[in-house]
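Taking it in order: structure first as structure tokens, then the write-up.
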Amino acid sequence: MADSKDMTRREAVKVAGAATLATVAAARQVQAGPLIRTAKAQTNAIQYGMVGTGSRGTYLLKHLKGIDNGRCVAVCDVSDDALTKAVQTIGGSPKKYKDWRELLADKDVEAVFVTTPLFLHYPVTKDALEAGKHVFCEKSMVFTPEEVHGLRKLAHDRPKQTLQVGLQRRYSAMYQAARQMVEKGVIGEVTYVQAQWHRNPGWKMKTDQPKMANWRLFREWSGGLVAELASHQIDVADWMMGMTPEAVMGMGSRDFMHDGRDILDNIQLIYKYPKGRRLVWTGIPGSSHWAGVGGQRTEMGEIICGTGGSIHITVGDDNNMPIGMWFKEPNPPKVEEAKKKKKEEWKAGATMVAAAGSRPLPILLDKDLLTGKESFLEKEMKYARLWLYQKGILVPEEPKNPVDTSLESFFNDCRTGKRPRADIEVGLADSIAVILSNIALDTGRTVQFSEIENMGKGEAKKA
Ligand SMILES: NC(=O)c1ccc[n+]([C@@H]2O[C@H](COP(=O)([O-])OP(=O)(O)OC[C@H]3O[C@@H](n4cnc5c(N)ncnc54)[C@H](O)[C@@H]3O)[C@@H](O)[C@H]2O)c1
């Protein structure tokens with residue numbers, strides 16, 4: 001044990017009680033659902049409107065309510081019920097619109113959240129950018145090749161407007177720590193990512209509602225499992241490997257859900273990245289088991305494999321914070337850089353503790369790092385936490401839900417003009433991967449990513 005070398009078990013136990021209590025309190029807060037604070041009025045808060053206040057829109061509004069650098073002034077939805085629920089969720093008295101063009105004409109609105117079904121992302125985002133608004137567009141950013149080219153041009157012509165995509169893993173402290181580990185060579189060269197989103201059961205058809213309420217299940221409006229689920233994880237693979245794929249092939253069919261939907265429910269995809277790297281993504285219904293992080297989490301997660309070790313990571317949900325672990329390769333190749341480090345110590349923006357081959361190690365966040373500036377008690381608390389992490393009694397938890405961080409960061413970027421972490425390039429790379437993956441599944445052929453340049457060069461269709 002490197003960091004805890006100087007700490008005896010007895011010393012650790014002395015403060016472990018306090019650390020455990022603090023963590024139990026934090027865990028209770030997590031279990032109790034999202035922390036909904038009441039936003040303090042901030043004079044320079046960004047005034048925003050939201051288009052599409054369905055399930056995701058309302059979820060974001062719940063989180064936005066606790067964020068003080070944005071203020072909701074307008075909501076828009078074609079459904080009265082959705083509008084009513086949106087106003088109840090955010091509180092106050094935002095203006096209600098049924099046509100997004102009217103919301104965009106509202107001079108009070110500086111920024112717009114686009115939380116509509118996928119096929120409407122581009123038309124609303126285009127109109128919003130042309131109306132001079134900043135835009136937070138949910139993933140997957142766009143739906144068709146025409147829209148990829150159209151949005152790239154639009155954003156290029158409007159560099160002062162912030163455009164962020166709803167890929168919240170980019171805002172997670174846990175994922176950022178994993179990315180730092182990759183950058184610093186802690187897990188060697190990343191050659192392979194395995195990602196899954198397995199649901200049990202899969203999405204259900206809402207038979208008592210109009211077809212549009214089930215838009216996700218129909219290809220005329222949706223990119224199916226690839227757009228709705230894989231998009232998050234293709235982005236993680238791109239980010240961790242620092243590159244985008246060259247080609248994709250896959251197998252997909254509809255085997256289990258025979259209720260009139262036309263999307264596929266059983267999908268396996270292989271992405272070829274430069275230098276022999278691969279991502280394998282699977283999406284199935286009927287089992288939610290995930291072998292990552294010792295089977296403690298279900299449904300979705302990524303395993304990032306490098307020549308020197310592997311990272312298991314998942315973002316979780318409102319009740320389960322992101323969690324990450326890493327496993328040192330039993331006999332990693334000798335790397336000059338590694339030799340310079342103390343035998344047992346690995347720094348990755350975090351100080352790691354070496355162990356035998358297959359023992360999982362926590363990915364440490366900034367709050368766990370020893371800076372040398374701590375008070376005696378703070379230092380003891382950190383030692384105690386490290387000890388508990390190593391024993392598997394505690395896992396490091398993010399100080400904030402990445403969704404909250406992504407929203408706060410969006411408003412800050414609107415004010416400062418700073419480029420978002422999940423910017424248009426991230427969003428478009430992700431959309432291109434989704435579009436080409438679906439072509440690969442539909443045609444059964446290997447699709448080259450360069451093909452996108454020759455697709456959809458006509459004008460994007462009007463909504
Ligand atoms: N980032 C994430 O983790 C995440 C999670 C869930 C959903 N999403 C994304 O959020 C988006 C919305 O998904 P959802 O689950 O909320 O769908 P939903 O069907 O629950 O909500 C969509 C809303 O848009 C409204 N709408 C439809 N046409 C409209 C129009 N012309 N003008 C205004 N409103 C209109 C609908 O009435 C509905 O209320 C999707 O793109 C989805 O992929 C992202």
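Quick look at the numbers
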item	result
Output for segment 220-259, where each listed residue is touching a strand residue (DSSP E or B) at 6+ places or on another chain (Cβ under 6 Å) and closer than 30 Å to VAL186 by Cβ	LEU229, ALA230, GLN233, VAL236, ALA237, MET240, MET241, PRO245, GLU246, ALA247, VAL248
Tally, over segment 150-171, of residues that are charged (D, E, K, R), within 15 Å of the ligand (Cβ to nearest atom) and either at pLDDT below 95 or farther than 11 Å from PRO420 by Cβ (or both)	1
Positions within segment 186-203 being of a type outside the set (A, V, I, L, M, F, W, C) and at pLDDT 95 or above, in sequence order	GLY188, GLU189, THR191, TYR192, GLN194, GLN196, HIS198, ARG199, ASN200
Unique match (being more than 9 Å from the ligand (Cβ to nearest atom), among the hydrophobic types (A, V, I, L, M, F, W, C) and at pLDDT below 95) among ALA41, ALA105, ALA74, ALA45	ALA41
Boolean, ASP99 is at negative phi, over 25 Å from the mean Cα position of the chain (by Cα) and either away from the ligand (no atom under 11 Å from the Cβ) or crowded, with 24+ Cβ neighbours inside 10 Å (or both)	no
Any strands (runs of 3 or more DSSP E) falling wholly within segment 321-431 and containing at least 1 residues that are within 27 Å of LYS65 (Cα to Cα) and at pLDDT 85 or above	323-328
Residue within segment 220-239 that is away from the ligand (no atom under 16 Å from the Cβ) and part of a loop (DSSP other than H, G, I, E, B) present	no
Entirely in segment 50-169, the helices (runs of 4 or more DSSP H) that have 3 or more residues that are in contact with a strand residue (DSSP E or B) (Cβ under 7 Å, 6 or more places away or on another chain) and under 30 Å from ASP238 (Cα atoms)	55-64, 121-130
Test: residue in segment 292-313 that is of a type in the set (A, V, I, L, M, F, W, C), in contact with a His (Cβ under 9 Å, 6 or more places away or on another chain), at pLDDT 85 or above and in a loop (DSSP other than H, G, I, E, B)	no
Counted residues, segment 200-234 - those being within 18 Å of SER140 (Cβ to Cβ) and basic (Lys, Arg)	2
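The values are calculated or read from the model by the stated rules, or taken from the named source; none is laboratory data. The shown structure was predicted, so the numbers you read here are calculated from the model rather than taken from an experiment. Glycine also receives a Cβ, built like all others from the backbone with ideal geometry; neighbour counts cover every protein chain displayed.
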